[in-house]
Amino acid sequence: MTGLHGRTMAEATPGTAPAWRTDFPALHQEVNNHPLVYLDSAASSQQPVSVIDAVAAYQRQDHANVHRGVHTLSHRATEAYEGARDKVVSFINATGRSEIVFTRGTTESINLVAQSYCRPALSSGDRIVITHLEHHSNIVPWQILCEQTGAELVVASIDSAGQVDLDEVKGLLDGDVCMLAIAHVSNALGTVLPVKSLIQHAHSLDIPVLLDGAQAVPHMPVDVQDLDCDFYAFSGHKMFGPTGIGILFGKERLLEDMPPYQGGGDMILEVHFDGTTYNELPYKFEAGTPNISGAVGLGAAIDYLQVAGMTRVAEHEADLLAYMTARLSDIEGIRLIGTATNKASVQSFMLGDIHPHDVGTILDHQGVAIRTGHHCAMPVMDYFGIPGTARASLALYNTESDIDALVTALVAARKIFA
Ligand code: 7TS
């Protein structure tokens, strides 16, 4: 197989980015008469052929509803669905299946915690602490909760590099705080937050911690027992799996005490008009027919990442991010947004006074896919006083030649607007 970048399978060393690239069919196409350079994995990553094939095989042979049939296909579908849950358990080192709830994505996972864990416990005067760099998914569910309960949302500030101040966040935590909900990695800025230290401090005050791991899980090893977080939310489609499937990890003793988030089939043991008993974990939180093929694809994506090795992925992306930052810094008139000391996989920037959307459009004409706009992090844009940024985001399949193509396209964009 020859990719558009001229590499052959024979040249690609196994376990390196060029080899990983060959596994992703979508990367090997032309867009606007240029080889596609995909630098938008923070929005959604591409899928390896093993994921595409696993979903297709499931759809062709094994599809039926789960947990409810005596027939063979229903058994196969149940095995595939529950097998995917086992893969998640091992991938993030949860203590067991009861701690892994399948959801639609990070967004639903966070809403579930807000409504099921926090809402029954909250009263007026209680506080939820987040940071200024959160994705809207980790802002709006808490705003809704505050409207419902009279609780207060407290926001820890960021500095001009896009970092949170550990001591400031710690200073916001006291006995009235019922949740610290923070990103593990910022999607707009790439900042890696000092989550372990914050979790330790929060726990010393009996405050539970939710981590939004949407931008961490595809890029670094994540061990929820080592982190000791209480909840961890992430999405399948940012980790080389399908859309519409996500995960909520929750510590079993917390999930056990939480009421169901939604009612319906599968989440019950018995239903009578004089009372209903709920199913055991994690099914209590999975009302209705779930996204079975999504789970199958997610399981295959986890298999792919386990073989790739998350430490190797993290090392590759760290090298690539350093290369991208250095190359972008050399472009005349560029302003990098998000320059934290500890970063992962993302670089936002402004190119002179060219509107980010214009930058994105000109890059697309050259086959380079980046995201432009507020990245669902409007408060970050407010802080920097800008309407949005252009953002290049990396995944394991990117290479230095992708960065070179980005830089060439940006230099061309500057000339057009000069
Ligand atoms: N949290 C973070 C940190 C994210 O980056 C995203 C999606 C979400 C939550 C929501 O995930 P979902 O799968 O439930 O939608 N981030 C982006 C992005 O950066 N560009 O498009 C989506």
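Couple of notes before you dig in:
- Restricting attention to region 115-162, the residues that are within 14 Å of the ligand (Cβ to nearest atom), in contact (Cβ under 8 Å) with a residue 60 or more places away in the chain and aliphatic (A, V, I, L, M) add up to 2.
- Note on region 170-196: residues that are in a helix (DSSP H, G or I) and more than 16 Å from the ligand (Cβ to nearest atom) amount to 4.
- Single match in I370, I354 (criterion: open to solvent by 10 Å² or more (accessible area, probe 1.4 Å), within 18 Å of S44 (Cα to Cα) and in contact (Cβ under 8 Å) with a residue 60 or more places away in the chain): I370
- Residue in region 335-356 that is outside the structural domain of P218 (by TED's automatic domain parsing), more than 30 Å from A64 (Cα to Cα) and part of a helix (DSSP H, G or I) present: yes
- Residue check for I362: part of a loop (DSSP other than H, G, I, E, B), over 20 Å from the mean Cα position of the chain (by Cα) and either in the same structural domain as K238 (by TED's automatic domain parsing) or farther than 20 Å from V217 by Cα (or both): no
- When the residues of region 68-93 are filtered to those that are among the hydrophobic types (A, V, I, L, M, F, W, C) and open to solvent by 10 Å² or more (accessible area, probe 1.4 Å), the one that is nearest to P208 (Cα to Cα) is V89.
- Residues within region 384-418 that are under 21 Å from V217 (Cβ atoms) and either free of Cβ contacts under 8 Å to residues at least 60 places away in the same chain or aliphatic (A, V, I, L, M) (or both), tallied: 4
- Condition met for F240 (farther than 18 Å from E108 by Cβ and more than 10 Å from the ligand (Cβ to nearest atom)): yes
- Just one of the listed residues (L410, L396) is in a loop (DSSP other than H, G, I, E, B) and either among the aliphatic types (A, V, I, L, M) or crowded, with 17+ Cβ neighbours inside 10 Å (or both), namely L396.
- Subset of region 197-245 (residues that are among the aliphatic types (A, V, I, L, M) and part of a helix (DSSP H, G or I)): L198, I199, A202, V224, L227
- Residue match in region 76-85 (condition: within 16 Å of the ligand (Cβ to nearest atom), on the phi < 0 side of the Ramachandran plot, modelled with pLDDT of 95 or more and assigned to a helix (DSSP H, G or I)): no
- For D230: the one exception among (1) within 16 Å of the ligand (Cβ to nearest atom); (2) surrounded by 24 or more Cβ atoms within 10 Å (Cβ to Cβ): (1)
- Of the residues making up region 8-33, those that are at pLDDT 80 or above and of a type in the set (D, E) are D23, E30.
- Scanning region 246-259 for residues that are assigned to a helix (DSSP H, G or I) and buried (at least 24 other Cβ atoms within 10 Å of the Cβ) yields a single hit, L255.
- Any hit, region 150-159, residues being open to solvent by 50 Å² or more (accessible area, probe 1.4 Å) and either part of a helix (DSSP H, G or I) or within 22 Å of A43 (Cα to Cα) (or both): no
- Listed by first and then second residue, the pairs linking a residue in region 275-289 that is touching a residue at least 40 places away in the same chain (Cβ under 8 Å) and farther than 11 Å from E99 by Cα to a residue that is acidic (D, E) and open to solvent by 20 Å² or more (accessible area, probe 1.4 Å), with Cβ atoms under 7 Å apart and 6 or more places separating them unless they lie on different chains, are E286/D266.
- Scanning region 44-67 for residues being crowded, with 16+ Cβ neighbours inside 10 Å, under 30 Å from S393 (Cα atoms) and not polar (S, T, N, Q) gives a total of 5.
- Any hit, region 59-66, residues being within 16 Å of the ligand (Cβ to nearest atom) and either touching a Lys or Arg at 6+ places or on another chain (Cβ under 7 Å) or at pLDDT 95 or above (or both): no
- For region 101-149, a residue qualifies if it is in contact with a Phe, Trp or Tyr (Cβ under 7 Å, 6 or more places away or on another chain) and not in a helix (DSSP H, G or I), and the qualifying residues are V101, I128, I130, H132.
- Exclusive hit being farther than 18 Å from R253 by Cβ and surrounded by fewer than 20 Cβ atoms within 10 Å (Cβ to Cβ), set S204, S186: S204
- When residues of region 374-388 are limited to those that are over 19 Å from F417 (Cα atoms) and of a type in the set (G, A, S), the one surrounded by the fewest Cβ atoms within 10 Å (Cβ to Cβ): G385
- Just one of the listed residues (G352, G360, G388, G373) is more than 16 Å from the ligand (Cβ to nearest atom) and not aromatic (F, W, Y), namely G352.
- Boolean, G162 is touching a Gly at 6+ places or on another chain (Cβ under 6 Å), small (G, A, S) and either open to solvent by less than 10 Å² (accessible area, probe 1.4 Å) or farther than 24 Å from S41 by Cα (or both): yes
The values are calculated or read from the model by the stated rules, or taken from the named source; none is laboratory data. Source: prediction; values computed, not measured. Neighbour counts run over all protein chains shown; Cβ positions are idealised from the backbone, glycine included. Surface areas here come from the heavy atoms of the whole protein model, side chains and all, with no ligands, DNA or RNA. Shrake-Rupley method; radii C 1.70, N 1.55, O 1.52, S 1.80 Å.
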